[in-house]
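Working notes, structure below.
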Amino acid sequence: MADSAFNMEMPYDQVVELVAEALRRAGCSPSTSLILAKNCVGAEIAGSESHGLFRLEGYLATLRSGWVDGMAQPKVSILSPAHIHVDAANGFAQTALAAARDALIARTRACGIAILTIGGSHHLAALWPDVAPFAEEGLIAISMVNSFACAIPVGAKSAILGTNPLAFAAPVPDGAPFVFDFATTSMSNGDVRVAAREGRRLQPGCGVDRHGSPTTDPNEILDGGALLPFGGHKGSAISLMIELLVAGLTGGKFSSEVDWSQHPGAATPHTGQVIIAIDPSVDGAGDWNSRCSQFIEMLRHAGMDTYPGLRRWRSRKRESVRVTADVARLLSLASQGAHD
């Protein structure tokens, strides 16, 4: 793509089609290709560049390495009236979630609360796209995944945890859902990789090198080093909780058990995911809509002109992708993959 195309716009549907075709050529089923493509492009439009088209290289390399099964057919099991489990069959978590989504919504409405556990899955994307659709259905959703060993908990001497993100989404009456998604490390692994690619230093306190010494060089963190938890022991405890809940409830691997050494190019952690859904309308002790509206108004009176999720919600109206130099390179990669 020529330099003159930089900072131009490409239609959303065209970019999704291009990315989906590249994923299909690399070994994904048509349905999984479309799910992942919409996820990547949607995150790009929402401003989550480190989890948008930036992830395409990781998906393609992982598929070609044989580490993940892009054709996997997830198996949904109902373990109790309020517990659904999906065996992702070494496929992508988003495909497993799509297979169980309707059942989770139905069980949540029937029971007031329900849990979905996904085992044997790969997750490389942002977590907020997994939970935001539930808020649009009027439900509260909490999700968490573990990752691969790239973080050191407080008191440890080696990396045993992943970035272990946590996401939350809740409906807001007549407004954008309240949504957040953050790694329990100082920053996401994707942001470290973006910084390394751009030649930027990191803020002090983000990570250590392979010898355990503090570093602001993203390359040293990626080359045998590790990220640190945010907030010291508090972030560390949250990350430990996520590690135990995800690996313990899903039957997935602990972050330290992920070993892709026999699959050069693999980049997707093979672990699990937990999603807890709540129907606020069944709680007779409170009125969610009025209390939520009151809360948003309190934020405004406190001087906040926004809240988590509002910016992304507004960005969803965009129908095109801004083509920067980095995006152009990734779209070129997708085009090559689509015509292999």
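The values are calculated or read from the model by the stated rules, or taken from the named source; none is laboratory data. The structure displayed is predicted, hence computed values, not measured ones. Positions of Cβ are backbone-derived with ideal geometry, glycine not excepted, and every protein chain shown enters the neighbour counts.
Things to note:
- Odd one out for Phe230, checked against (1) over 26 Å from Phe54 (Cβ atoms); (2) of a type in the set (Phe, Trp, Tyr); (3) within 19 Å of the chain's Cα centre (by Cα): (1)
- Boolean, Arg64 is crowded, with 22+ Cβ neighbours inside 10 Å, basic (Lys, Arg) and either at positive phi or part of a helix (DSSP H, G or I) (or both): no
- Qualifying residue in the stretch 194-201 (condition: farther than 27 Å from Gly91 by Cα, within 20 Å of the chain's Cα centre (by Cα) and either in a helix (DSSP H, G or I) or of a type in the set (Phe, Trp, Tyr) (or both)): yes
Here's the yes/no breakdown for (1) at pLDDT 95 or above; (2) out of contact with any Phe, Trp or Tyr (no Cβ under 9 Å at 6 or more places or on another chain):
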{"position": "Phe148", "(1), (2)": "yes, no"}
{"position": "Ala151", "(1), (2)": "yes, yes"}
{"position": "Pro165", "(1), (2)": "yes, no"}
{"position": "Gly190", "(1), (2)": "no, no"}
{"position": "Arg193", "(1), (2)": "no, no"}
{"position": "Gly199", "(1), (2)": "no, yes"}
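- Close Cβ contacts (under 8 Å, 6 or more residues apart or on different chains) running from residues in the stretch 255-269 that are farther than 12 Å from Gly58 by Cβ to residues that are surrounded by fewer than 16 Cβ atoms within 10 Å (Cβ to Cβ) comprise His263/Gly66.
- Pair list, Cβ under 7 Å, 6 or more apart: the stretch 13-30 residue in contact (Cβ under 8 Å) with a residue 24 or more places away in the chain and surrounded by fewer than 20 Cβ atoms within 10 Å (Cβ to Cβ), other residue of a type in the set (Asp, Glu) and part of a loop (DSSP other than H, G, I, E, B): Arg25/Asp340
- Test: residue in the stretch 63-81 that is within 30 Å of Val282 (Cα to Cα) and among the charged types (D, E, K, R): yes
- Exactly one residue out of Asp87, Asp69 is under 20 Å from Lys253 (Cα atoms), in a loop (DSSP other than H, G, I, E, B) and among the acidic types (Asp, Glu), and it is Asp69.
- Residues in the stretch 202-223 that are touching a residue at least 24 places away in the same chain (Cβ under 8 Å) and part of a helix (DSSP H, G or I) were compared, and the one that is surrounded by the fewest Cβ atoms within 10 Å (Cβ to Cβ) is Leu222.
- Filtered by the rule that a residue be of a type in the set (Gly, Ala, Ser) and closer than 15 Å to Val179 by Cα, the stretch 268-292 gives a lone residue, Ala277.
- Checked against (1) more than 15 Å from the chain's Cα centre (by Cα); (2) in a helix (DSSP H, G or I); (3) modelled with pLDDT of 95 or more; (4) under 30 Å from Pro264 (Cα atoms), Leu97 passes all but a single condition, namely (1).
- The set of residues in the stretch 101-130 that are crowded, with 21+ Cβ neighbours inside 10 Å, within 18 Å of the chain's Cα centre (by Cα) and either over 19 Å from Glu243 (Cβ atoms) or aromatic (Phe, Trp, Tyr) (or both) comprises Ala125, Ala126, Trp128, Pro129.
- Yes/no for Ala72 being without any contact (Cβ under 8 Å) to a residue 60 or more places away in the chain and within 15 Å of Asp279 (Cβ to Cβ): no
- The sole residue among Ala89, Ala98 that is touching a Lys or Arg at 6+ places or on another chain (Cβ under 8 Å) and surrounded by fewer than 23 Cβ atoms within 10 Å (Cβ to Cβ) is Ala89.
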